[in-house]
Each structure stands twice: as C-alpha cells, then as structure tokens.
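Right, one structure below, let's go through it.
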Amino acid sequence: MVDTNIRRRAAIAQRIVKRANQSPRDWGRFYEALGLTEAVDVGDMARQLDVRKDNSEEGRRRRAALVEAMDFKNYEFNTHGHDMGQFYESEAIVPDGSVLPEPGRDPELYYEQSTVPGSHLPHAWVGDQVDKLATMDIAPYTQFTLITGIAGEDWVEAAEKVSAELGVPLAAVVIGPGRPITDLYYDWAKVREVEESGALLIRPDKHVAWRATTLPDDPQGALRSAVAQVLGRAAIE
C-alpha cells in the first residue's frame, strides 16, 4: 500500500512541478510583445521598450499584445484550481461512490470546492465573535480532525474513543451557534455537502479522507472502520 500511495501522491507533485517549470517559459509572450526577442544590446532593449508608448500602429499592436500576455500569465499567478484542486485517490482515502462534479469553469484557474473523499478541505470562515478562522485552521497538520454540526454531537465521543483505541491523534470539531466554532457567514453549510449530523474526516494534510452523510446508528464503529482503513490497519485488525 505504501508504494502505491507514494506513486499516487507523486502524480500530484508532478503536476505542481510541471506548472512551476512552465511558468518561466510563459514569459516569452512578454518578451515578444515588447519586441525584446530580437534586441541586440541594452540600448536596443530600451528603444524596444519605449515603442509601447508610441501613438503608432506598432505601439497599439504591442500594447494589445501586452494585455494578452498578462491575461495568459493568469496561469502562473492565479491558478487557484490547479493549486487547490488537488485530488487524491489511494488506499488512504475511503471512497463513498461519489465523483467530483464536472467543472463549470476553467479548472486550472478556478477552484471548485467539494468534500468528495480525496478533495482538499473546502474553505469557509468560522470562529466566534472575537476570532475569525478558516476551516483549515480548525484541522491542524498534527492530527486527524472530524468536523460535524450540532446534530452530530455524538461524533465527539466516538472520536475520543477511536483515538484512544487506535492510538492516533483525532479530535472532533462541532460547528454551530453556541459552540466554540460557528459558521460565521453560513458558508460552511453550503460547501460541506453532508447533513448537519454528518461528518468529514480530515487527514493531517487537510484532505477529506472519509465522510458520513448523516449520523449512523453506530458512529464509533463507522469512524473506527474509516480511520483503520486510512491507516492501512483494516486488514490486520
């Protein structure tokens, strides 16, 4: 299982490195728009740069080319979909039969949030009347985190027992009014994709490892099975 997971995570890393290596190459459009590709010395470069200021056909052409080049560089500066839309498929993810929705916009530029297991934890502002936190802040890198709502408070005890039983750091967070963490702008309710009594198990790397749409009859058993599978211990325990 370890080798398989490494290969699948390597595919994500390959995507990131490929984008990072492509970004410097994309500057070529700026050089072409500014007329620098054929410049022979520093003086010539300065003269070519000044052409974009001219009230001339070539000046207009270069200004228009610069607009297009800047728009193209969005794929370096603003690829939220690329940077946040990472999706893992491995034995360390417990699938629920759902699939990612088809993107409605450019998947490189726009990040479309989901809680399909394997997705990155969606963003929403949570906290209280004093502290404003991102959902990522309530799921630290040092532990597994189970996020639920008031109707799912039974998950808290289940998380405590599973944590002790399996010997792994696991804490439940209840989001709702009157609790230490509340849904400040009611955005979390829109992106969690599970009922208030359901739960999302977040891995330490802030990806959704498993989700329960509603509170089952045996939340402890359901959670234990999920965590054991994520840890690769389901087959040996």
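The values are calculated or read from the model by the stated rules, or taken from the named source; none is laboratory data. It should be emphasised that the depicted structure is a prediction, and the values quoted were computed from it without experimental measurement. No Cβ is skipped: glycine too gets one built from the backbone with ideal geometry, and neighbour counts run over all protein chains shown. Protein only, heavy atoms only, side chains kept; ligands, DNA and RNA dropped before computing areas. Shrake-Rupley method; radii C 1.70, N 1.55, O 1.52, S 1.80 Å.
Structural remarks
- Rounded to the nearest 20 debye, the dipole magnitude of the chain is 680 debye, with +1 charges on Lys and Arg beta carbons, -1 on Asp and Glu beta carbons, and the Cα centre as origin.
- Ordered from largest to smallest accessible area (heavy atoms of protein chains, 1.4 Å probe), the residues Val67, Val126 come out as Val67, Val126.
- Nitroxide proxy distance, nm - points 7 Å out along Cα→Cβ at Arg233 and Val130: 3.6 nm
- Backbone amide hydrogens, once placed in the peptide plane, bring Ile181 within less than 5 Å of Gly176, excluding anything fewer than 5 places away on its chain.
- Whole-Hz couplings from phi, Karplus 6.51/-1.76/1.60, listed for region 176-188; x for Gly and Pro: x, x, x, 9, x, 10, 10, 7, 4, 10, 6, 7, 4
- Sparsely packed GluC sites (Glu not before Pro) within region 79-114, loop by DSSP, other Cβ within 10 Å at most 15: Glu89
- Restricting region 163-237 to trypsin sites (Lys or Arg not before Pro) that sit in a DSSP loop and have at most 13 other Cβ atoms within 10 Å of their own Cβ leaves Arg233.
- Most fluctuating residue given options Asn78, Asn55, Asn21, as computed from a GNM of the chain linking Cα atoms under 10 Å: Asn55
- When only the Cβ of Lys, Arg, Asp and Glu is charged (+1, +1, -1, -1), the dipole of region 103-153 relative to its Cα centre reaches about 40 debye.
- Whole-number D in µm² s⁻¹ for region 11-169, Kirkwood Cα-pair radius fed into Stokes-Einstein, 25 °C, 0.890 mPa s: 120 µm²/s
- The angle between the Cα long axis of helix 2-25 and the main principal axis of the chain comes to about 20°, on a 0 to 90 degree scale.
- Two-decimal Rg/Rh across region 11-72, once Rg and the Kirkwood Rh are taken from alpha-carbon atoms: 1.15
- Residue (of Leu166, Gly85, Met136) at the positive-pole extreme of the chain, dipole from beta-carbon charges: Gly85
- Nearest-0.05 FRET efficiency for Phe77 and Asp50, computed from C-beta distance (R0 30 Å): 0.70
- Loop-located trypsin sites (Lys or Arg not before Pro) in region 28-70, at most 16 other Cβ atoms within 10 Å (DSSP): Lys53
- Rounded percent of accessible protein surface that carbon and sulfur make up, region 81-237, 1.4 Å probe: 52 percent
- Heavy atoms of Glu195: accessible area, 1.4 Å probe, square angstrom to 10: 110 Å²
- Stretching the chain fully between Ala171 and Asp154 yields a gain of 4.9 nm (0.36 nm per residue, less the alpha carbon separation).
- Solvent exposure of region 99-226 amounts to 48 Å² per residue of accessible area, where only protein heavy atoms count and the probe is 1.4 Å.
- Model label points for Met84 and Asp106, set 7 angstrom from Cα along the Cα-to-Cβ axis, are 1.7 nm apart.
- Reachable aspartates and glutamates from Lys18, criterion Cα separation under 16 angstrom, eight or more residues apart if same chain: Asp26, Glu76, Asp83, Glu108
- Per-residue SASA remark: Glu196, around 80 Å² accessible (1.4 Å probe; ligands, DNA and RNA not included).
- Computed from point charges on the beta carbon alone (+1 for Lys and Arg, -1 for Asp and Glu), the dipole magnitude for region 70-162 about its Cα centre is near 120 Debye.
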